[in-house]
1. How high is the relative contact order of the chain? Use alpha-carbon pairs under 8 Å, at least six apart in sequence, and give a whole percent.
2. Hey, with R₀ at 25 Å, roughly what FRET efficiency would L79 and L28 work out to, going by the Cβ-Cβ distance, to 0.05?
3. Out of residues 5 or more away from G96 or on other chains, whose amide H comes under 5 Å of its own, with H placed 1.01 Å from N in the peptide plane?
4. Expressed as a whole number of Å, what is the distance separating the alpha-carbon centroids of the range 1-50 and the range 126-197?
5. Rounded to the nearest 0.05, what FRET efficiency do S68 and D135 have when you use their Cβ-Cβ distance and R0 = 45 Å?
6. What list of ³J(HN,Hα) couplings, whole Hz, do you get for the range 82-90 from phi and the Karplus terms 6.51, -1.76, 1.60, once you set θ to phi - 60° and write x for glycine and proline?
7. Can you pull out the GluC sites (Glu not before Pro) in the range 48-155 that DSSP calls coil and that have at most 13 other Cβ atoms within 10 Å?
8. Check the straight Cα-Cα distances from K2 and name the aspartates and glutamates below 17 Å, setting aside those fewer than 8 residues away within the same chain.
Amino acid sequence: MKNIVILISGSGSNMAAIVNAAQREDWLKKYGARVVAVISNKANAQGLVFAQEQGLATEVLDHKAFVSREAFDAALVALIDRFDLPGQPVLVVLAGFMRILTPGFVNHYAGRLLNIHPSLLPAFTGLNTHQRALDAGCKVAGATVHQVTAELDHGGILAQAVVPVLPGDTAVVLAARVLTQEHLIYPQAIVALIQKA
Ligand code: GAR
């Protein structure tokens with residue numbers, strides 16, 4: 001799993017953290033691994049600008065152009081698998097990719113499909129994780145890097161980071177605190193995985 005394809009939908013700060021870590025830590029020399037492409041399902045995803053500035057291949061695949069979830073995912077597989085080379089299987093990294101994936105897609109990349117979720121799984125799967133953590137009176141919050149399975153926000157946990165919930169926190173403030181930790185644990189979890197592969 002040396003060719004890393006990152007899927008985004010928005011600001012792409014986790015993608016940028018991974019790209020920066022790969023350069024800073026010279027993943028190519030150390031592990032033979034490189035980020036080969038960034039794919040967004042939204043043409044206006046801010047992260048695409050950063051990726052293009054880095055000289056990375058970028059692609060947009062607009063899910064609204066497809067009649068079904070299955071059709072979109074099949075096209076996405078075809079796009080990703082252009083980077084799936086003999087002896088260099090692709091590692092697919094979801095970084096704020098806000099799509100529910102079909103079992104067909106998930107099974108195709110079994111064991112080489114990662115996600116980061118902004119909660120301490122198995123707590124708070126789904127959306128609005130930070131507000132739900134605040135509403136529940138949680139004293140800590142965090143993020144989880146996990147293998148992706150057909151069940152949403154489940155799959156083997158690879159890394160977690162914990163941050164305190166502080167008095168007066170809003171969901172926005174808490175999200176920003178968690179995000180700084182996401183940027184640390186996601187690259188670390190990827191390195192741990194590609195070192196094992
Ligand atoms: C991150 O907080 C990530 O954990 C979350 O979206 C944000 C994307 O930020 N992902 C999910 O909620 C997935 N269910 P980014 O685009 O700046 O990396």
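Taken together, the values in this text are just the output of simple stated rules run on the coordinates, not laboratory data. Because the structure is predicted, anything quoted here is derived from the model rather than measured. Glycine gets a Cβ as well: all are built from the backbone with ideal geometry, and neighbour counts include every protein chain shown.
1. Taking the mean separation of contacting Cα pairs over the length of the chain, I get 21 percent.
2. 0.65
3. So G96 has HN proximity to I116.
4. Going from one Cα centre to the other spans 19 Å.
5. 0.85
6. 5, 9, 8, 9, x, x, 10, x, 7
7. E151
8. Partners within reach: E25, D26, D81, D84.
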